[in-house]
C-alpha cells in the first residue's frame, strides 16, 4: 500500500470517528419526530376534501363541558379518515341545494383529550359548566351513564359530531368564560346562541333529551334530527342513539386503533 493510500485511510477513519461522536452528542431537539405525532396517510383535513362544511371545533375553545381548551387540540381543525371525509362531502352535496350546510363540532379526537375528560370527571369540585351541559346529572354518574369513557370512537378517526345549519349561516359569538349559563335543553332562544337549526338541545348536552329518538322531541326539532340522520345514514354513517350529533362512518378504516397525534396541520405533513 502506498503512503498516499495509508494517509487517505487514516483521514477517513478520523472523519468517521468525528461523525460518530457528533451524532452521539447531538441535542435531543434534532431527533426525528416520534411516529405518534404523525397521522397515518389515511387521515386528511376535512377542509381539503370539502371547504364548504362549517367547522366550529368546540374542544379548541373553553365552551365545552370542561370549561377550557382540551389537551391535544392545537388548532381548530377537523381531521378524519379519508373515507369519512369523502362521505361528509357527499352529504354536503345533498344538503346545499336544499339551503343547508353541515357544521362539525368535533372529528378525530386524540387519546390525550379523552384522558383530559377522565381526569376532569374524577374531580368532584369542578362544576364550572354544570349549569349548561349537565344540570340534571350527578357528577358521580358520568361514567356509569356513559357520558364519559376511557376510550372514544373519535380517536379511531371515523367518528364526527355535527349538526345542520340553515344558509346563509348566521355568525355565532364566542363564549365568554364566566358568563351566566343556561341549561342545554332550554328553548333555543334561551340557550347559548348557535347557528344550528333547532335540534331540541345544544351540542354535548348530558341529558336524555339528547337521545336521537326521544319521544319528547317533536315537530320541527324532530324533523331537523331526521334530516341529519337520513342524509348521513344513506351514505354509511351510523348514529349513536344517545347523542343526536354523533355519527360513525362504517366500515371504519381503523376499527381497533386509538390514535394520539395532536389536532394540528403538522400532524398531516406530507399528506395529499
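Every number in this text was worked out from the coordinates using simple rules, so none of it is lab data. Bear in mind that the values here come from a model prediction, so they are computed numbers and not experimental data. Neighbour counts run over all protein chains shown; Cβ positions are idealised from the backbone, glycine included.
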Q: Can you pull the one-decimal nm distance between simple spin-label points at residue 172 and residue 256, each 7 Å off the Cα toward Cβ?
A: 3.7
Q) Is the shape of the range 119-272 best called rounded, prolate or oblate, per the rule: a/c under 1.5 gives rounded, else a/b larger than b/c gives prolate, else oblate, with a ≥ b ≥ c the square roots of the Cα gyration tensor eigenvalues? A) rounded
(Q) Given a 10 angstrom Cα cut-off, can you work out which residue in 186, 144, 223 is the most mobile in a GNM of the chain? (A) 144
Q: In nm, give the distance between the simple-model label positions of residue 61 and residue 96, each being 7 Å from the Cα along the Cα-to-Cβ direction.
A: 2.4
**Q.** Two-site FRET efficiency, residue 138 against residue 233, from Cβ-Cβ distance with R₀ of 51 Å, rounded to 0.05
**A.** 0.95
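Run the helix sum for the chain: -39,500 (n - 2.57) per DSSP H stretch of 4+ residues, divided by residue count, reported at 222 nm to the nearest 500 deg cm²/dmol.
One gets -8000 deg cm²/dmol as the mean residue ellipticity at 222 nm.
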Q. Going by alpha carbons, how many degrees (0 to 90, nearest 10) lie between the helix axis of 111-121 and the longest principal axis of the chain?
A. 50
Q. How large are Rg and Dmax for the chain when only the alpha carbon atoms are used, in Å?
A. 24.1, 96
Q. In whole Å, how far is the Cα centre of the range 104-157 from that of the range 226-272?
A. 18
Q. Any idea what angle helix 82-95 forms with the longest principal axis of the chain, computed on alpha-carbon atoms, 0 to 90 degrees, nearest 10?
A. 30
Q: At 7 Å along the Cα-to-beta-carbon direction for both residue 226 and residue 122, put a label point, then send me their distance in nm to one decimal.
A: 4.5
(Q) If you restrict to DSSP beta bridges whose two residues both lie in the range 40-268, what percentage is antiparallel, to the nearest 5? (A) 85
Q) Once both axes come from the Cα atoms, what is the angle between helix 219-233 and the longest principal axis of the chain, in degrees from 0 to 90, rounded to 10? A) 30
